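Accompanying notes for the structure given below.
The values are calculated or read from the model by the stated rules, or taken from the named source; none is laboratory data. All of these numbers come straight from a predicted model, not from anything done at the bench. A quick note on method: Cβ atoms are made from the backbone with ideal geometry, for glycine too, and the neighbour counts reach across all protein chains shown.
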Amino acid sequence: MSRPSLVFADDQGNIFDHPDLDLVGSAAGAWEPVDERQCIPLPEGSELFLLPGRLPVGMSSRGRFDVLETQPGGEGRVIAVAAFMAPAYTATLNAAYHTTPGAPPLPLFAYAAVGFSRGRFVVTGLRVDLLPRQDPARFPSPERITKAAQRLLRTYPDNRLWQHLGKCALTYCCPAARNLALGRWEAPLPTAPVCNASCLGCLSHQPEGRFPVTQERMKFAPNPAEVAEVALHHFHKGRDPLVSFGQGCEGEPLTNGELLAESISLIRAQRKRGTINLNTNGSRPEVVARLMREGLSSIRVSLNSLVPERHQAYFRPQGWSLQDAIESIRQVKRAGGHASINLLTMPGVTDRPEEVAALISLIESTKLDLIQWRNLNIDPEAYLKRLELSKPEQRLGIAQLIDELRARFPRLKHGYFNPKLPESPA
């Protein structure tokens, strides 16, 4: 089986494939050679990132790992390159590189290994969800999206949540907000300006300033009528509609439990059917139980690890723990709802034996419905340092882990997006 070529960049940002070095991937710092069977073509909508202060690592014809310090021929600086894959794809190996002294922290993205083979870029990853909700080809021109968003802003000028979501669609190009503007699929319902965790990789709040935030956090809490107005519009107008609390532009929605309960009650007063989902850290199971009574359909709990000290190290929860998150899943299942986890995945961490065993235990004890395999957006070295982890001595492999879970739990679903649930008769 042939091997893809190493990809690197010069100091001007031009990207090349190396004539003599093959692609290498990394699993939590453990370098591995890569062959074509581990790769897929770079998905449409993915991006290539330069990794400043980091030197590319390839494999020579002698089977050695080589740190590339200069361009072929011996002159010119080089920079490592990684791929940030489009939604619906999960990385199976990260980019391999050597970090030089003084290198800046990497921004909050995921860094899949990228190579070049048969005239195209390839990445170490797999598609985990066939739903096209955020496929670039399914979005119309920016001009059409702008017109659709502006039309909604004019229709609801006094609704602060609509105005916020319009900014998300027009300024941040948020796929969920853009789908709301286009009247289809999953619509966001952000509600919480505060949080009860201090996640290392938080996208909207970085008080320590270690990583730049990728989007501005909302500064207000909408009232229940504003939330219900957005949701009911989408249920009435949208194609295959569902709505979700808990977005990247907010804190933790369970900190605003009363608002969520009242909002769901207003929605259900006019719309008995339709999927109302909650994306959450699962910190307040008693609130989750109340939301289920009001008409919540499903929950997605974010987890980086099911090893308590690793969960604690990443989420840095304030007044709650991993056990509360698991209890929230149980509350939903007891009430007959749909429960999934947003498994923040990193090769070499998620697939370690102790992580696999803990994940299997969770599935067995909660009757979990779905795992969403989402890449953890963070500098891998910073993450490993916070979790106090070294290179893995053993690992199953991300693709192999998914295959094993499919064989062991045939009912368990695997994906990337929150599902629109079947609607029972009103």
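Counting just the residues of segment 218-247 that are surrounded by fewer than 19 Cβ atoms within 10 Å (Cβ to Cβ) and assigned to a loop (DSSP other than H, G, I, E, B), which one comes out modelled with the highest pLDDT? So the residue we want is Asn223. Do we have Val332 as touching a residue at least 40 places away in the same chain (Cβ under 8 Å), on the phi < 0 side of the Ramachandran plot and among the β-branched types (Val, Ile, Thr) here? Against the criterion (touching a residue at least 40 places away in the same chain (Cβ under 8 Å), on the phi < 0 side of the Ramachandran plot and among the β-branched types (Val, Ile, Thr)), Val332 qualifies.
Filtered by the rule that a residue be of a type in the set (D, E, K, R) and either in contact (Cβ under 8 Å) with a residue 12 or more places away in the chain or part of a strand (DSSP E or B) (or both), segment 55-89 gives Asp66, Glu69, Arg77. For segment 1-34, taking the residues that are in contact with a helix residue (DSSP H, G or I) (Cβ under 8 Å, 6 or more places away or on another chain) and assigned to a strand (DSSP E or B), the one that is nearest to Gly348 (Cα to Cα) is identified as Ser26. Of all the criteria given as (1) assigned to a helix (DSSP H, G or I); (2) buried (at least 20 other Cβ atoms within 10 Å of the Cβ), the one not satisfied by Gly251 is (1).
Might you let me know whether segment 259-270 holds any residue that is over 16 Å from the mean Cα position of the chain (by Cα), assigned to a loop (DSSP other than H, G, I, E, B) and not basic (Lys, Arg)?
no
Of the residues examined, Gly337 is not one that is touching a residue at least 40 places away in the same chain (Cβ under 8 Å) and at positive phi. Looking at segment 185-194, can you tell me whether even one residue there is within 17 Å of the chain's Cα centre (by Cα), in contact (Cβ under 8 Å) with a residue 60 or more places away in the chain, surrounded by fewer than 22 Cβ atoms within 10 Å (Cβ to Cβ) and outside any loop (DSSP other than H, G, I, E, B)? Scanning segment 185-194, I find no residue that is within 17 Å of the chain's Cα centre (by Cα), in contact (Cβ under 8 Å) with a residue 60 or more places away in the chain, surrounded by fewer than 22 Cβ atoms within 10 Å (Cβ to Cβ) and outside any loop (DSSP other than H, G, I, E, B), so the answer is no. Just one residue in the set Leu396, Leu370 is surrounded by 17 or more Cβ atoms within 10 Å (Cβ to Cβ), aliphatic (A, V, I, L, M) and either in the same structural domain as Pro104 (by TED's automatic domain parsing) or within 23 Å of Ala30 (Cβ to Cβ) (or both); that residue is Leu396. Could you say which residue among Ala103, Ala110 is touching a residue at least 12 places away in the same chain (Cβ under 8 Å), farther than 29 Å from Phe417 by Cβ and either not basic (Lys, Arg) or not in a strand (DSSP E or B) (or both)? After applying the criteria, what remains is Ala103.
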